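A short worksheet on the structure shown next.
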Amino acid sequence: MIAGEKAPNFTLFDHTGRPRTLAAFLAEGPVVLFFFPIASSPICTAQACHFRDLSDEFARVGAHRIGVSTDTVNRQAHFAQQRSFDYPLLSDADGVVSEMFGVRRGRLANLRRSVVVREAARGSRHTRRRGLLARLMPVKRMTFVIDTDRTVLKVVSNEVRASVHADETLWFLENYKLPGSPQQSKTADEPSAADRIDSDVELPLEAPVQAVNTMAKPTSWPKNDVRGQILRSCVRSTTAAEIAARLSLPLGATRFLVDDLVTQGYLRVLAPAGDSMTIDERRELLTRTLEGLRAL
């Protein structure tokens, strides 16, 4: 589904077991409908919690936040209770609504169910393989801003940057139809890829990252916090793929954590390969990146 199309009406049960319709939500104002792959997974938790933390800001623009995934009502209830969400989580267990919005991954949904059954039977064996198979997620991470007439105004799609979904939809709603500010024009306050890491441009796997002088930015992280391990890995120029392989972390989670550290000023992204590197430097960097990917 793209901007300008009409969103289909639907009825789904929320995390309390109550049937909810899109039409009823839209009767009270625009809706921010965000799809997430798996309840309680790290990036999905960060995405949903960021929507929760911006409650006052979304209230000021009169928008309702609604989360949707293919998890069961019971799993959504546990997720909502665990994180104290102040908005409904809807259960699209059969994937019909996800299909209507074009976010369902099709055959991967059935593959994921078979993977879960096989991995449960294997118990604690093949931990590495189970981590790789967990990447097969039933729906794409996408957010839709829907006007009261069911017109889709904006679509945000990003698999690894959790906060970009709430940030971009909120910015859009704050600036949409403002007097003297056309919807398509860029204002001075609009965030760009150069201003912040939470943009639609994903961190390239081969982009060199490096730790900056953090003496003036003391951390309060626990001694074994993975972010500290990432910083220590970046004393010399390295890449997200190398970090993931070195620390045995999922690639998507590594990119998300590196982005967050860049945002906080602990890391910096150096010039990507091809911009200011010699041929030998470029070849060495790409070789190291490929070695990191193979190690995963």
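When LYS140, LYS6 are arranged by Cβ crowding within 10 Å, least crowded first, meaning fewest neighbours, the order is LYS6, LYS140. Computed from backbone phi, the HN-Hα couplings of region 69-76 come to 8, 8, 6, 6, 4, 5, 5, 5 Hz, rounded to whole numbers (Karplus: 6.51 cos²θ - 1.76 cosθ + 1.60, θ = phi - 60°; Gly and Pro given as x).
The relative contact order of region 7-96 comes to 36 percent, based on Cα pairs under 8 Å that sit 6 or more residues apart. Peptides 12-25, 87-100 ranked from most to least packed, by the mean per-residue count of other Cβ atoms within 10 Å: 87-100, 12-25.
Using the Cβ of LYS6 as centre and a radius below 15 Å, the other residues enclosed give a net charge of -1, where K and R count +1 and D and E count -1.
Taking other residues whose beta carbon is less than 13 angstrom from the beta carbon of PHE51, and scoring Lys, Arg as +1 and Asp, Glu as -1, yields -2. Ordering GLU5, GLU242 by the number of other Cβ atoms within 10 Å of each residue's own Cβ, fewest first, gives GLU5, GLU242. Cβ crowding within 10 Å, taken as a proxy for footprinting-reagent exposure, orders THR263, THR238 from fewest neighbours to most as THR263, THR238.
Rule-based calculations on the coordinates, nothing more; no lab input. All figures in this text were calculated on a predicted structure; none of them were measured in a lab. Because the Cβ atoms are built from the backbone with ideal geometry, glycine has one as well, and the counts that use them run over all protein chains shown.
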